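Trainee: This structure is in structure tokens; I'll ask about it shortly.
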Amino acid sequence: MNITLKVWRQKNASEAGALVEYTVSGVVPEMSFLEMLDTLNEQLVAKGQDPVAFDSDCREGICGMCDLMIDGQAHGPDKGATTCQLHMRRYKDGAVVTVEPFRAKAFPVVKDLCVDRSAFDRIQQAGGFVSINTGNAVDGNAILIPHDKAEKAMDAAACIGCGACVAACPNASAMLFVAAKVSQYALLPQGQPEREKRVLAMRDAMDNEGFGHCTNEYECEAACPKEIKVSNIARLNREYLRATLVTE
Amino acid sequence: MEAKANSASKCSCRVFEFLESSIGKKIMVAAAGLLLCGFLITHLLGNLLMFVGGDAFNKYAEALEHNPLLPIAEIGLVALFVVHIILAYRATYLNRAARPEGYQVYKGKGARTPGSRTMAITGTLVLAFVIIHVATFKYDVGGFKGMAGEEGLFAHVLGWFANPWYAAFYVLAVGGVGLHLSHGVQSAIQTFGLNHPRYTPLIKKAGLAFAGLIFLGFASFPVYFGFIKNCMSCAGGAH
Amino acid sequence: MKLESKAPTGPIEKSWDKHRFDLKLVNPANKRKFKILVVGTGLAGSAAAASCAELGYQVESFCIQDSARRAHSIAAQGGVNAAKNYPNDGDSIWRLFYDTVKGGDFRAREANVYRLAQVSNAIIDQCVAQGVPFAREYGGTLSNRSFGGAQVSRTFYARGQTGQQLLLGAYSALMRQVGAGAVKLHTRREMLDLVVIDGVARGIIVRDLVTGKLERHMGDAVLLCTGGYSNVFYLSTNANTCNVTATWRAYKRGAAFANPCYTQIHPTCVPVTGEYQSKLTLMSESLRNDGRVWVPKKKGDDRKPQNIPEDERDYYLERKYPAFGNLVPRDIASRAAKQMTDDGRGVGKTGLSVYLDFKDAIARVGLDKVKEKYGNLFDMYHHITDENPYEQPMRIYPAVHYTMGGLWVDYNLMTTVPGLFCLGEANFSDHGANRLGASALMQGLADGYFVLPYTIGGYLTGTKLPKVTTDHKAFVEAEGDVNARTKSLLGANGKKAPSSFHRDLGHIMWDKVGMGRNAKGLQEALSKIPEVRAEFWKNVSVVGVGEDFNQTLERAGRVADFLEFGELLAKDALTREESCGGHFREEHQTPDGEAKRDDEKFAHVAAWEYKGEGKAAERHTEPLTFDNVHIAQRNYA
């Protein structure tokens, strides 16, 4: 089948970009969306044109490298899936698809569809860890963790840091990302010693990066490829309020 | 001495930091919003006396006006509005700034509701309404209206409702309140950090029901006293 | 070149302790004077960078992706082994050691493997302390499962995302050090050359993938933690950016490349559907714990799986290996699947897959339990194939997944270039000819957390390192080499995208150097690969310029290296005239089709030394002795 793409082309961070139309031929339903873009790029290279830059790595939905806003939806129309897990059987022959980068002030465009998500790394640096040096650990079973708590922590820890929550949020808020990390540690005994310090520091880092506020639109949850729940955002709010009230 | 000053400045600094933080701001907006909901309930209950009769309503209004605590309550109310509005506008401004270049196509995955999409618009509409509402009903801007056979505030209110434009605007505005609350109530509760798989669906439903009741309750006044009653008396006159 | 393993002698239980004691320590105040360059941020790289920074060294860390959290360790699903013996089922350090040596088909260094088993327990403790949400029992203790050929339950897991959780743990430790200013992190950087001064590794040349500019970085030691080379097969379960470039350039600067022919084919992958395919998806082999592998007894049976009655199904793993059944090691399960499809009993449109059926498991433990255990894997399969595995059996087929070969390292994880260390999948060390399931995560973290941080101190105190700057002529030369190479890639002005050459190479590798190898096929590969390589340099098309964000150029450079490396792999496979682990030479098999080792001639590590452009690489050997595990034919029947 043939697919018409309107792809955001932007030379670099400082130049303005625009949508450019391409037709990709020879698309088959079993292809992934990224393989369709690979095909487009091979066709562009054959014509001596500059291929479209886009990020991807594992292509199995776990590394969080691929992004893309496809027809106005982060990671495309499927729920609980990343762009690399989207297949062309979702589209009909002759479909017109608009592909844009994730947009946020905190995610500046690097080139075409690639954005800089290092803001997430910096938030993590502010407090997204347990301060335990190698070699300091006690036996893994020394501290018991109830099954359900561990499962809940795992639900939050499943975040792949792709940034879809930010991309989908009308306010470009990073609350779901931060909430997932804060929740994981808040739920586990290992996270307790730095519980207040962590949430205050990560909130601060998040705001400093220029992300928006959470207005509980829940588009983040709908877009999250790992289906991380907004109940984590409630926990983050709670943790932040608690930390503000109890810290000296 | 110095230590005291330090801790005071540290304290005020902490308050400022909280208000300027994305989460703190939302918590304050949510808290003020929920308290304003409390005000809406008492206001609605008072207004419902209009259906009991002009006398009952006027007496309630007078009692309220002569209550020495009223100015304090009014200051509190204004403060709630100011906090709610300023912080909400500030958040909205920062949210716009968080995505300087918008999407060419933005569709989302269906989580947004009509209420959530329009919070800034309905909020602004309600603000405009509150100003006009207070100006006309409390400070008699636009003159004192009367209604044959009625007295006091009740006559004034009925006089305004007799103006179909005013009545329609009133309905529209309380519609805005309803829409605002349809998102606002459950949103505020989420912002306080209350979310539970068992209760959150109930809270969402209760929020919607509350929004609907507030809308129906307030809309009933202009609809009944402005349109239905007038039409009935028109129809009666013709008879 | 001399391959000195430096493995301690004496009782193996004491060897690591003794070695650690013998290693000289670096004075705490002196640590910050040493700079360590760590390339790669997977389990080994992140763990090493964080641990070295915690010790006080200056660390600079480099990764090819936009964030350190995306390294391919993240895709490991099944679990991580440790000899905790929590389930009380008879596990011990000795048993893990024994299983790993045996699983590796007696082609690994005993001392290394023993150390790996020894530190395995500390890894679990460390990860738990970092907040890794391992699966837990209702009583709050850690859950274990049996995994990939083990008869004890020693595998710790976090749903089907164990690699992700362990990596995020290591990444969080790394981020903590970055935040503290102890590690300088460079993302979107690709290492394109190693700088060797007076025979000692002193730096690297990296390309900033955003600006395209080359950077010189100087250090007192260089750690390569750059993963495996499965992508030489084009289709593998590895991520797109996984490549051999860093280790290949190190090889060309003097680091011996050991056992490149040891590649692992993973039995439970989603089958190939067409030419356009960019990668294969692995599903954790933990699926084999509850799934039953079968094909129709009849050739060309095209009925729906649900319509094939029990007695017309061949549960061939259970039939051939009654003791281990569906849990036989990876190489055996993979070859058995290939035998079935070669026999014309493969299923699916292409006939290149076998069934993995959960019907019995669902009936036995219930849908919910199966969902809890494998939910995300089932969803992943459903997404890819549009077939619901809760309703019909999965279809699986083997794919290249892991490479046991890599840069040769001694017991200290140092390569043949002093100062150049190699960790994790990138080195050759612990898995011999075949890696057991859930042991890759264990090795990556063992190297990064608990081995390298000790051994690097021994190197740094024991070596006199003259002060050099990045203006040194070795840096200038290395950068010049990289530039020249980029120029020739850009100047080829051909017609074909780099990926199409990669695909051509992949076809040769999979057909001739894949699951089953023979002398004739390998010789064919050895004559065909240079042809593709020549064609590549003549006809590759790289659009754009060098000093820009240019993904085609990145790809071209990696393909160029694979085109050289593939030849070495084939050559190693041809030279190793035996079958062992993942290396299966069809000429060397038992009457019932199992791998037949030749311990007389090949109980050694083969390490290849680069002798210059156009010259044949020289094969060196490190003999392997087995004083603790009795060498025997593997027998899983």
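The values are calculated or read from the model by the stated rules, or taken from the named source; none is laboratory data. Keep in mind that this is a model prediction, so the values were computed, not measured. Note that we place each Cβ from the backbone using ideal geometry, even for glycine, and neighbour counts take in every protein chain shown.
Trainee: What number of residues in region C:6-44 are in contact with a Leu (Cβ under 9 Å, 6 or more places away or on another chain) and of a type in the set (S, T, N, Q)?
Mentor: Matching residues across region C:6-44 total 2.
Trainee: Okay, next question. Does C:Tyr276 satisfy the condition of being closer than 26 Å to C:Asp66 by Cβ, more than 14 Å from every other protein chain (Cβ to nearest Cβ), aromatic (Phe, Trp, Tyr) and touching a helix residue (DSSP H, G or I) at 6+ places or on another chain (Cβ under 9 Å)?
Mentor: No.
Trainee: To continue, here is another question. Name the pairs: first residue in region A:185-205 and at the interface with chain C (Cβ under 9 Å from one of its Cβ atoms), second residue buried (at least 16 other Cβ atoms within 10 Å of the Cβ) and of a type in the set (Phe, Trp, Tyr), Cβ to Cβ under 6 Å, at least 6 apart or on different chains?
Mentor: A:Gly191/A:Tyr185
Trainee: Right, next: If you take the residues of region A:208-225 that are surrounded by 24 or more Cβ atoms within 10 Å (Cβ to Cβ) and more than 7 Å from chain B (Cβ to nearest Cβ), which of them is nearest to B:Gly115 (Cα to Cα)?
Mentor: For region A:208-225, the residue satisfying everything is A:Cys220.
Trainee: Which of the residues belonging to region C:68-104 are farther than 30 Å from C:Arg176 by Cα, within 19 Å of the chain's Cα centre (by Cα) and part of a loop (DSSP other than H, G, I, E, B)?
Mentor: Passing the criteria: only C:Gly104.
Trainee: Residues that are of a type in the set (A, V, I, L, M, F, W, C) and part of a helix (DSSP H, G or I): does region C:490-501 have at least one?
Mentor: Looking for residues that are of a type in the set (A, V, I, L, M, F, W, C) and part of a helix (DSSP H, G or I), one finds at least one in region C:490-501, hence yes.
Trainee: Among the residues of region C:134-146, is there at least one that is buried (at least 24 other Cβ atoms within 10 Å of the Cβ), in a loop (DSSP other than H, G, I, E, B) and touching a helix residue (DSSP H, G or I) at 6+ places or on another chain (Cβ under 9 Å)?
Mentor: yes
Trainee: Taking the residues in region A:235-248 that are free of Cβ contacts under 8 Å to residues at least 40 places away in the same chain and part of a helix (DSSP H, G or I) as candidates, determine which candidate is farthest from the other protein chains (Cβ to nearest Cβ).
Mentor: A:Leu245
Trainee: Any idea how many residues of region C:1-13 are under 13 Å from C:Val113 (Cα atoms) and either among the hydrophobic types (A, V, I, L, M, F, W, C) or without any contact (Cβ under 8 Å) to a residue 60 or more places away in the chain (or both)?
Mentor: Of the residues in that region, 2 qualify.
Trainee: In addition: Got a sec? Which of C:Asp105, C:Asp89 is buried (at least 23 other Cβ atoms within 10 Å of the Cβ) and either of a type in the set (Val, Ile, Thr) or more than 8 Å from chain A (Cβ to nearest Cβ) (or both)?
Mentor: The match here is C:Asp105.
Trainee: Would you mind stating whether C:Thr263 is among the β-branched types (Val, Ile, Thr), within 15 Å of the chain's Cα centre (by Cα) and buried (at least 24 other Cβ atoms within 10 Å of the Cβ)?
Mentor: Yes: the conditions hold for C:Thr263.
Trainee: Continuing with this model, one more query. Of the residues C:Gly444, C:Gly480, which is assigned to a helix (DSSP H, G or I) and within 26 Å of C:His604 (Cα to Cα)?
Mentor: When all the criteria are applied, what remains is C:Gly444.
Trainee: Tell me the residue from C:Lys6, C:Lys18, C:Lys2, C:Lys14 that is in a loop (DSSP other than H, G, I, E, B) and within 23 Å of C:Gln443 (Cβ to Cβ), please. Quick ask: steps written out before the conclusion?
Mentor: Details: C:Lys18 fails: in a loop (DSSP other than H, G, I, E, B); C:Lys2 fails: within 23 Å of C:Gln443 (Cβ to Cβ); C:Lys14 fails: in a loop (DSSP other than H, G, I, E, B).
After ruling out the rest, the residue left standing is C:Lys6.
Trainee: Restricting to region A:210-234, give me the number of residues that are in contact (Cβ under 8 Å) with a residue 12 or more places away in the chain and in contact with a Pro (Cβ under 9 Å, 6 or more places away or on another chain).
Mentor: Here the count works out to 5.
Trainee: Would you be able to say whether some residue in region B:199-207 is under 18 Å from B:Pro114 (Cβ atoms) and touching a residue at least 40 places away in the same chain (Cβ under 8 Å)?
Mentor: No, region B:199-207 has no match at all.
Trainee: Let me confirm something: among A:Pro51, A:Pro108, which residue is more than 14 Å from chain B (Cβ to nearest Cβ) and out of contact with any His (no Cβ under 9 Å at 6 or more places or on another chain)? Let's see the steps before the verdict.
Mentor: Working: A:Pro108 fails: more than 14 Å from chain B (Cβ to nearest Cβ).
Only one candidate qualifies: A:Pro51.
Trainee: One residue is enough: does region A:104-119 have a residue meeting the conditions among the small types (Gly, Ala, Ser) and assigned to a strand (DSSP E or B)?
Mentor: Checking region A:104-119: not a single residue is among the small types (Gly, Ala, Ser) and assigned to a strand (DSSP E or B).
Trainee: Next question. With the requirement that a residue be at pLDDT below 90 and within 30 Å of C:Gly79 (Cα to Cα), what does region C:289-306 give you?
Mentor: C:Asn289
Trainee: Quick one: which residue in A:Ser173, A:Ser131 is more than 9 Å from chain C (Cβ to nearest Cβ), in contact (Cβ under 8 Å) with a residue 12 or more places away in the chain and among the polar types (S, T, N, Q)?
Mentor: A:Ser173
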